[in-house]
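J.: Supplied in structure tokens, the structure appears directly below.
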Amino acid sequence: MNTIAFVYYSRKGHTEELVYSISSDIRNRGINVAIHRVKPVQEYGEPLHFNPRLFIDTVMGRRIAIEVEPGYDPQNYVLTIIATPIWFGRPTPPIREFVVRYSGKNINVICIASSALGRGYSTKFRKLLEDNGYRVHLCFDTRESLYSSKHVDAIVSIYEKLVERT
């Protein structure tokens, strides 16, 4: 139970690199970490920003089929960190679908919005999570795979406070 789950989607690898880097830093502080990759059943082809299905799924909010590898059970984690690239100013359809799938379970989360621009997209991500019943403790934006020790310190601090409550 005293484990942090990382849940992410990454099409080009930047968000995946970010998740593995942050999770490694957290493991180095003696905290257990589990990593779950969200994958659409039908992956998006290149070029991404000219893919009509990607555009419709993202902008119109169309539901998609996803798989979570390995299987995710929110009861197993004190904190879940959800990381997604940002497409057309929004969280990716696979992560949006994950959020809907686990809505209403009062999951403690931190959200990470990864984009080349790093323009405050995490506020939309936070709203999506809160609208679906998640307890959001922190959200931050990164420029692709970049983060700082302040982010790791904040994650560890939130984790420690949640562990004290249990």
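Since every read-out is calculated from the coordinates, none of them should be taken as a lab result. All figures in this text were calculated on a predicted structure; none of them were measured in a lab. Positions of Cβ are backbone-derived with ideal geometry, glycine not excepted, and every protein chain shown enters the neighbour counts.
J.: Work out how far the C-alpha atoms of region 22-116 reach from end to end along every principal axis, then list the three figures in whole Å, largest first.
T.: Result, largest extent first: 44, 29, 21 Å.
J.: Show me the three semi-axes of the equivalent ellipsoid for the chain, from the C-alpha gyration tensor (sqrt of 5 times each eigenvalue), largest first, rounded to whole Å.
T.: Equivalent ellipsoid semi-axes, largest first: 25, 17, 14 Å.
J.: For each of VAL99, VAL78, VAL41, count neighbouring Cβ atoms within 10 Å of the residue's Cβ, then give the residues from fewest to most.
T.: VAL41, VAL78, VAL99
J.: Counting only DSSP beta bridges with both residues in the chain, what percent are antiparallel, rounded to the nearest 5?
T.: 20
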